[in-house]
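The values are calculated or read from the model by the stated rules, or taken from the named source; none is laboratory data. Bear in mind that the values here come from a model prediction, so they are computed numbers and not experimental data. We place every Cβ from the backbone using ideal geometry, glycine too, and count neighbours over all the protein chains shown. Each accessible area value is taken on the protein alone, full model and side chains, heavy atoms only, with ligands, DNA and RNA left out. Shrake-Rupley method; radii C 1.70, N 1.55, O 1.52, S 1.80 Å.
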Amino acid sequence: QVQLVESGGGLVQPGGSLRLSCVFSGSIFGLYVMGWYRQAPGKERELVATITSGGSTDYADSVKGRFTISRDNAKKTVYLQMNSLNPEDTAVYYCNANWRSITGWGKGTLVTVSS
């Protein structure tokens, strides 16, 4: 059973940066495509970024050039570096692990961008 624990959320001013972390356990990390999703108040959950075991990445258009996803297979951890944050990035950010029919979700970490 995949377990994911996010950390690193908080309150940041517009233009600021945060780095989210997600620690994976319960299976073989290298098999999984890892991703970050977010859900803003009153909106549906949306994909932010994904990274394959080989390091290939994909991003939502809204975060391209500002966010960077990375993974450390030795530490079984995936990161999301978020720069140039704006109020529209305010959301609960969820870590996701996906391999074949197996999907796991973390409980989320809240990011609030406000002055």
Practice task
Kindly establish whether Gly55 is in contact with a Lys or Arg (Cβ under 8 Å, 6 or more places away or on another chain), part of a loop (DSSP other than H, G, I, E, B) and open to solvent by 30 Å² or more (accessible area, probe 1.4 Å).
Solution key: yes
Practice task
Return yes or no: is Val63 part of a loop (DSSP other than H, G, I, E, B), in contact (Cβ under 8 Å) with a residue 12 or more places away in the chain, open to solvent by less than 20 Å² (accessible area, probe 1.4 Å) and of a type outside the set (Lys, Arg)?
Solution key: yes
Fill in the blank from the handout: All conditions in (1) buried (at least 17 other Cβ atoms within 10 Å of the Cβ); (2) closer than 20 Å to Asp89 by Cβ; (3) in contact with a Phe, Trp or Tyr (Cβ under 7 Å, 6 or more places away or on another chain) are true of Tyr32 except (2)
